[in-house]
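Heads up, the thing below is written out as structure tokens.
The values are calculated or read from the model by the stated rules, or taken from the named source; none is laboratory data. Keep in mind the model is a prediction, meaning the values are calculated, not measured. Quick reminder, even Gly has a Cβ in these numbers, built from the backbone with ideal geometry, and neighbours come from all protein chains shown. Accessible surface areas use protein heavy atoms only, side chains included; no ligands, DNA or RNA. Shrake-Rupley method; radii C 1.70, N 1.55, O 1.52, S 1.80 Å.
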Amino acid sequence: AQLDLYIKDELCREHISSGLFRELLSAMKRTGAKDAYQNWRKDMPVLLISGQDDPVGDSGKGVQCVETAMRKAGMKNVQMKLFPGARHDLLHEEASGSAEEARKIIALWLSSAI
């Protein structure tokens, strides 16, 4: 049902531009650098969430690497949650049952991070 809504959305594009891919690769290069988090506020709250079966996040390994890099950079307020059985779109993961849990965790985190 969510996929059908997405496809019918007038803002959904059938084709993605080469410019978007250029920007995506540029951002990946910046955020993947060893010193990417050195200049971030050390007390800034960060919530990393991902599906444990998300191929984009290397099945959770990529998210764990980001958490480790942030902690090595001295960030003190980093939280991570991997959702078993979930893939990339956590907020619409009705099949894995994680969508509602993800929404609750995000809401709780936002209320404590503000």
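How do the pairs read when you match residues in region 45-62 that are of a type in the set (A, V, I, L, M, F, W, C) with residues anywhere that are assigned to a strand (DSSP E or B), using Cβ under 6 Å and keeping only pairs 6 or more apart or on different chains?
So the pair list comes out as Val46/Val78; Leu47/Gln79; Leu48/Met80; Ile49/Lys81.
Scan region 88-101 and report the pairs whose first residue is in contact (Cβ under 8 Å) with a residue 40 or more places away in the chain and whose second residue is open to solvent by 70 Å² or more (accessible area, probe 1.4 Å) and of a type in the set (S, T, N, Q), with Cβ atoms within less than 6 Å and a gap of 6+ or a chain change.
Within 6 Å, the pairs are His92/Gln2.
Conditions tested, residue by residue: (1) over 26 Å from Leu3 (Cα atoms); (2) touching a Gly at 6+ places or on another chain (Cβ under 6 Å); (3) in a helix (DSSP H, G or I).
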position	(1), (2), (3)
Phe21	no, no, yes
Lys29	yes, no, yes
Val63	no, yes, yes
Glu100	no, no, yes
Arg103	no, no, yes
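Please find, among Arg30, Arg22, the residue that is open to solvent by 70 Å² or more (accessible area, probe 1.4 Å) and closer than 25 Å to Trp109 by Cβ.
Arg30
Count, please, the residues in region 57-114 that happen to be hydrophobic (A, V, I, L, M, F, W, C), under 16 Å from the mean Cα position of the chain (by Cα) and surrounded by 15 or more Cβ atoms within 10 Å (Cβ to Cβ).
15
Residue pairs, Cβ under 6 Å, 6 or more apart or interchain, first in region 4-19 and part of a loop (DSSP other than H, G, I, E, B), second loosely packed, with under 10 Cβ neighbours inside 10 Å and acidic (Asp, Glu). List them.
Here the result reads none, with nothing in region 4-19 linked to a residue that is loosely packed, with under 10 Cβ neighbours inside 10 Å and acidic (Asp, Glu).
Could you tell me whether any residue of region 40-47 is open to solvent by less than 60 Å² (accessible area, probe 1.4 Å), within 25 Å of Ser111 (Cβ to Cβ) and among the aromatic types (Phe, Trp, Tyr)?
No - not one qualifying residue is present in region 40-47.
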